[in-house]
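These notes are about the structure you will find just below.
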Amino acid sequence: MNVRLPALTAIVAIATIACGKTGPPLPPLLRVPAAPSNVAADRRDATVDLRLTVPSANTDNSHPANIERVDVYAITAPATVTDEQILKRGTKIASLDVKAPADPDKAADADEPIEDADPAIGTGLDQGVDAHVSEELTAEALKAVDLSKDARRGRSVTTDDHRPLTGPPAGGPTRVYAMVGVTRDGKRGPFSRRLVVPLIPPPLPPPAAPTFTYDEKAVTVTWPPVQVAAPPSDTALPSRILGAAPIDIRYNVYDVSPPGQAGPAGQAGRAGQAGETGDVGKKLTAAAIAETKFVDPRMAWGENRCYAVRAVEIVGGLTIESAAAMSECQTLADTFPPAPPANLKSVASEGVINLIWDENGENDLAGYLVFRGTGGELARITASAIQEPHFEDTVTPGVRYVYAVKAVDKAGNISAFSNRQEETAR
């Protein structure tokens, strides 16, 4: 026993010395932006429109994000393409400049207010806003990238964060999109979810040209339904392909009015903040509709209004639209008179006849015109429109007069006569 004690003491001493050692200082925490979120894609004929939300925090949940731009990549390849292959073999189709903090190390933790952090500055997009990017599917974009030489390189895309957001039909060519935030010194954060777009011809023809009519309350756009030809049959009875679901044809409606005439949204380029009007116009349908009619409640007299309609089909979970069918453009002109004033009444007194009627409710009402006569014809006795729904007329006692009133709006449209009222002053 006495022989083993020194050895045990030595071991304990060595362990104590090891625990007291201090290693080299840890490198400073490198903050990189979180992945762009809310990514989505729509295909319109030969154009792919992408949507995303710009990161506003880092991967450690500190904020604002250490980000200078969002890069958008595309590659014509299978949906299982890796991050490395996207960067090496793909094409950067857009970069969105983003406002960045002057000192990214002065970020606020997730539980701290943004006022404690260095603010994001610059001329780019605000952090946290929705943005969009569009790509034309040119012949070059449709060429598949050969990944056979590096099929075994890089990490396979198997995690939940990198699974395709949409899936194309099996066996068809696809265009894969991914977005990534980049810091000022070129460090990339994690990639967004993949968007996989089928590269098949639009499955539906465009509708026939839409037409539209309007009144003082709304514009109504209508168009003929798209007809999908049935497969030929050699039998007298109609045939049906087993397992084939009927095509659910829907439509999206766009305002394609000239710049400055498309309502509150302005023009946008190929990349920019979402909600702006791009080359395809401002989409008016929140979701594709089955009805071949759309009512647009936005009324603004004097606007030059143009509409486009696209047929919609869902392929592999992705919305694919046909080419656009364009309407003729019309300037919205107010040619609609107000309603005739109602419930005209008269009260006679000595040398005076007082008229009163119900007030009109039109928003653009300019006033009322009063007419008087002693026979069949009535003449206007107010030089201009009066604002209030009543009028006092000084007349010759003992003469029977006939009265009626018309309403007039700010565009100069005049209503029909109100009911007639006969009265004699004392």
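The values are calculated or read from the model by the stated rules, or taken from the named source; none is laboratory data. No experiment lies behind these values; they were computed from the predicted model shown. As a convention, Cβ positions derive from the backbone with ideal geometry for all residues, glycine included, and neighbour counts pool all protein chains shown. All accessible areas refer to the heavy atoms of the entire protein, side chains included, with ligands and DNA or RNA removed. Shrake-Rupley method; radii C 1.70, N 1.55, O 1.52, S 1.80 Å.
Quick notes
- Distance from the Cα centroid of region 307-354 to that of region 373-419 is 29 Å (rounded to whole angstrom).
- Ligands, DNA and RNA are left out, and with a 1.4 angstrom probe the accessible area of region 333-426 is 54 Å² per residue.
- Each Lys or Arg adds one and each Asp or Glu subtracts one; over the other residues with Cβ under 12 Å from the Cβ of GLY122, this totals 0.
- Ellipsoid equivalent to region 285-426 - semi-axes via the Cα gyration tensor, in Å: 52, 13, 11
- Coarse-grained scattering of region 301-385 at q = 0.11 Å⁻¹, given as base-10 log I(q)/I(0) from a Debye sum over alpha-carbon atoms: -0.60
- Taking each of LYS99/LYS217; LYS293/LYS406; LYS92/LYS283 in turn, the alpha-carbon distance tops 31 angstrom for LYS99/LYS217; LYS293/LYS406.
- Cα gyration tensor shape for region 96-147, rounded if a/c is under 1.5, else prolate or oblate: prolate
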